[in-house]
1. Any idea how far the Cα center of region A:80-97 sits from the one of region B:249-301, in Å?
2. Any idea what the dipole of chain B comes to, in debye rounded to 20, about its Cα centre with Lys/Arg Cβ at +1 and Asp/Glu Cβ at -1?
3. Let a ≥ b ≥ c be the square roots of the eigenvalues of the Cα gyration tensor of region A:4-137; is it rounded (a/c under 1.5), or, if not, prolate (a/b larger than b/c) or oblate?
4. Express the carbon and sulfur contribution to the solvent-accessible surface of the protein assembly as shown as a percent, rounded to the nearest whole number, probe 1.4 angstrom.
5. Return a whole-number percent for the relative contact order of chain B, with Cα pairs under 8 Å and 6 or more residues apart as the contact set.
6. Using a loss threshold of 40 Å², tell me which positions in region A:26-40 are less accessible in the complex than in their chain alone. Probe radius 1.4 Å, ligands and nucleic acids ignored.
7. Could you give the length gained by full extension between B:ALA225 and B:GLU385, i.e. 0.36 nm per residue of separation minus their alpha carbon distance, to one decimal place?
8. With a 1.4 Å probe and every protein chain left in place, tell me how much accessible area B:THR134 has, in Å² to the nearest 10.
Amino acid sequence: MKSTASLRRREVKQLLRQMGQRVYTDLDNAVFPELVFPSRSVRNIVYDEGLKQYILGSSSIRRSSQNIKHIRPFSQLVWLAYFVNKLVAEGKTSTLRDVFYSSQAYNVEFVDQDESDEIITDLEEVLSKAREDFSVYPEERSAIFGDLTIEYTVPGYEGKKLNLSSHPDGYLIGPSLSTAEFVDTSAEMVLAVEKGGIFTRFVEEKVHKKFKALVIDTAGQPPRSTRYMLKRLHQELGLPVYIVTDGDVYGEHIAMVIISGSANAAHLRELTVSSAKWVGVWASDVVKYKLPSNPMTEADIKRAQELKKDPRYTGGIWQRELDLFLKIRRKSELEAFSKYGLTHITDKYLPEKLREAKGM
Amino acid sequence: MANRQVAFAEISPSEFFYRNRDLAGFSNPARALYSAVRELVENSLDACELFKILPEVTVTVSGLDRDSEEPDPKPYVVTVRDNGPGIDPRYVPNAFGRVFFGSKFLLRQSRGMFGMGGTMAILYGQITTTKPVTVVTSFDGNTTYTFDLMIDIQANRPIVLRRESQHGDGSTGTSVKLTLEGDYFRAAQKIQDYFKQCAMVTPYAKLTHVDPQGRKFPFERGTSAMPNPPEETLPHPYGIDVEAFRRLVKQSTQTSLVKFMSSSFHRVGPKIASQFLQFAGSDPNKNPGELTSEETVRLVEAIHRFDGFLQPDASCLSPLGSEILDAGIRKELQPEFAATSIRPPSAYSGYPFIVEVGLAYGGRVLSPGVKLFRFANRIPLLYDEASDVSWRVISEEIDWKRYRIPPEAPLGIITHVCSTKIPYKTVGKEYLADRPELERELKNAVRDVLRQLSGYLKKKGSMEMVKRKLNIYGKYLPLIARFSTNLAKAKRPPRYGKLLGKRDSPREEQRRIEEYS
Ligand SMILES: Nc1ncnc2c1ncn2[C@@H]1O[C@H](COP(=O)(O)OP(=O)(O)OP(=O)(O)O)[C@@H](O)[C@H]1O
Ligand SMILES: [Mg+2]
């Protein structure tokens with residue numbers, strides 16, 4: 001396995017330097033520097049049928065330091081580049097919140113974290129890189145468990161190896177894990193589950209062994225670092241990804257975002273695993289397995305109707321399951337399988353559904 | 001029946017004005033003191049300007065009994081001394097001791113109009129204190145004459161109590177000293193305002209006021225440019241009435257109507273005279289002395305209907321002009337911005353007039369809100385503002401919103417009307433009547449200065465915008481330079497000084513960069 005982490009780091013540093021050089025050269029020629037990147041306005045977010053995901057259209061933003069309204073965000077953007085360049089060079093990471101506070105030492109302070117988050121997204125666009133690539137991570141984290149040996153690249157841990165089945169609670173998918181190299185694995189698939197309780201159940205039931213799987217807790221809608229991890233596992237190790245969620249429209253959408261991406265990250269194309277499969281719980285499973293269920297709320301129904309109009313949901317199981325949810329107007333959580341015994345989900349449901357999913 | 005009698009009596013002009021002294025601005029001790037000061041000052045300024053002498057006028061007001069602790073009202077001595085042309089001693093008694101005697105009945109712009117201002121002050125002093133007026137004057141510089149005068153009110157005649165002459169010191173001028181019952185305590189503010197405003201429209205005069213406590217308030221000369229003295233003119237036909245027409249006929253030696261018309265009226269030559277007489281259906285060769293009453297009335301009516309007369313020209317007027325008005329405004333109001341608008345000559349009822357308007361904005365003297373300063377023939381008008389045509393114009397005729405002037409902006413509007421006959425509503429000379437022609441000119445001039453202000457504010461706004469921009473660039477460009485230098489791994493900071501509107505030395509740039517590293 002080749003070292004992708006250091007390669008990626010070198011690439012980001014190169015991009016940051018190029019950006020700095022563009023700005024520097026303009027200034028040195030007494031020209032107001034500007035940066036051009038795709039617009040994220042709603043009108044510029046389009047669905048790409050071929051890629052099966054949301055991408056940004058062709059309209060772009062020209063942020064010029066000459067424009068009195070732009071010069072502050074422009075300065076913040078160049079500052080952020082400067083700031084993350086140091087992070088990357090020093091092998092350090094920072095959270096979104098850290099970025100917000102760090103700006104204050106440089107006279108480019110942000111009004112609030114929303115503003116700094118915006119600028120971070122701007123830099124993602126300028127560099128065409130996800131923020132995790134330039135060492136900025138969100139606070140929320142999800143976990144991974146299974147037979148995967150990784151090698152750290154973060155300072156102080158370089159060369160240190162670890163097997164991700166060593167600790168039954170799993171490992172946080174944080175910056176050090178995201179930047180680690182994959183050394184070795186016996187896994188043949190990735191199982192992404194929506195919630196911690198089921199993740200723990202899977203570990204206890206040795207799903208990683210029975211199914212030769214790496215188990216990931218997405219902790220609800222997966223953070224980008226987790227989606228990024230899924231993508232890497234799929235790309236670098238060639239592992240198929242299966243998604244297990246609650247039996248409701250939100251669960252269906254978690255699977256959809258992993259597969260087709262989100263509108264929020266339409267500027268990033270590296271986060272989707274288009275071959276991933278949603279194994280359940282489907283609306284039809286609620287019926288088929290006679291799962292204990294609850295009535296859908298008004299909000300659930302509204303959400304289902306919204307998603308029906310979303311271009312990502314055309315065809316396949318997606319429309320069908322939405323329609324069924326709307327028809328039965330009921331939803332079930334993963335825990336509902338406990339009705340049939342704690343191991344029912346791993347012994348019966350999962351093998352059946354995986355077989356079905358592989359056939360799709 | 002026989003014992004029913006009506007008593008007829010004639011009163012003299014001085015008696016009439018004594019009885020009706022409110023009309024002339026002598027209604028109470030405070031107002032009287034103020035009016036006495038201004039009548040004498042205006043006489044001095046008129047005299048100086050007519051001879052194009054840069055005026056120097058000193059006004060001293062002191063208690064008659066200096067040590068008296070008596071409360072106001074009490075007798076005050078007012079002395080006004082000028083460096084004017086002086087007065088021929090032959091005319092001094094009548095000029096000061098007789099109402100309706102004066103040198104300003106001509107059609108020529110001056111402050112004085114009625115031949116009674118100075119005399120009324122003396123009259124009032126005499127009635128309230130029984131003291132004579134003392135006039136010291138020299139018109140050739142060689143001899144100085146001193147007169148003590150009183151007025152025989154019933155006969156409207158001067159009484160000369162003393163007439164002396166001494167050797168002069170070579171300079172001309174007049175000093176008038178009179179004693180009158182006054183209330184300085186209550187008049188002080190108005191007198192101060194009067195001098196301040198006088199200084200605004202006569203910035204070429206040096207005025208000094210010494211108050212009863214001996215304090216000196218000098219108003220220094222702000223310019224030595226003086227307006228040209230006005231020329232005397234013939235009456236304009238539009239201003240003529242039947243009585244005035246008859247007088248002109250009587251004065252004239254011409255024996256034909258066409259010659260009479262073309263020699264007695266302002267801007268009427270033989271050609272216009274013939275056109276007019278044709279229009280009126282009168283025989284141009286008729287002897288004007290033979291006109292019957294009916295014919296005279298018809299002719300005067302025709303004059304008012306005929307629209308072929310030329311507008312009066314302004315040679316008889318002496319406007320301040322933009323330069324002097326501007327200097328006066330800047331001197332007294334020290335504004336942030338000043339503008340003037342001088343209207344072309346116009347006429348009402350045959351009297352030519354010119355409207356001049358000044359505007360002062362901001363500065364330290366003006367307080368928030370609009371303040372109107374009214375002048376007529378260079379006289380500050382301090383009373384009855386709300387009755388004046390200028391007030392009506394700025395409060396009712398101007399659409400203030402149009403000019404985008406910030407609310408409560410400190411604003412001074414200066415209106416000056418000069419005319420051979422100011423349409424005062426009273427002989428007290430305090431406010432002007434709403435003549436439509438006058439109103440129109442005022443409106444145009446006020447709009448003009450407001451437009452200028454609005455333009456200034458706009459430019460100032462965009463200049464501040466530029467400054468703000470430079471400030472913002474000054475804050476952020478050095479940061480951008482610093483961060484990009486670091487990112488690009490460059491050896492030296494970029495040379496972006498031009499972007500800040502200046503070319504700074506590399507060392508200067510280095511210093512700025514170092515500040516941030
Ligand atoms: N300081 C002076 N120097 C020269 N002449 C003077 C002076 N003061 C007064 N006179 C003469 O005395 C005359 C009478 O003055 P007075 O103030 O009574 O009337 P007026 O100025 O003609 O008109 P008004 O009533 O409008 O003031 C003036 O017309 C002028 O000829
Ligand atoms: Mg006078």
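1. 102
2. Details: 72 positive and 60 negative charges, 647 e Å.
With only Lys, Arg, Asp and Glu charged at Cβ, the dipole is about 3100 debye.
3. Working: a/c = 1.35, a/b = 1.10, b/c = 1.23.
Note, shape of region A:4-137 comes out rounded.
4. Details: 19710 of 40090 Å².
Its accessible area is 49 percent carbon and sulfur atoms.
5. Details: 1015 pairs, mean separation 64.3, N = 517.
Reported as a whole number, the value is 12 percent.
6. A:LEU27, A:ASP28, A:ALA30, A:PHE32
7. Values: separation 160, 0.36 × 160 = 57.60 nm, distance 2.97 nm.
Stretched out fully, the B:ALA225 to B:GLU385 stretch lengthens by 54.6 nm.
8. In the full protein context, B:THR134 sits at about 30 Å².
The values are calculated or read from the model by the stated rules, or taken from the named source; none is laboratory data. As the structure is a prediction and not an experimental result, all values here were calculated from the model. Reconstructed Cβ throughout: ideal geometry from the backbone, glycine too, with neighbour counts over all protein chains shown. Ligands, DNA and RNA are excluded from the accessible area calculation, which covers all protein heavy atoms including side chains. Shrake-Rupley method; radii C 1.70, N 1.55, O 1.52, S 1.80 Å.
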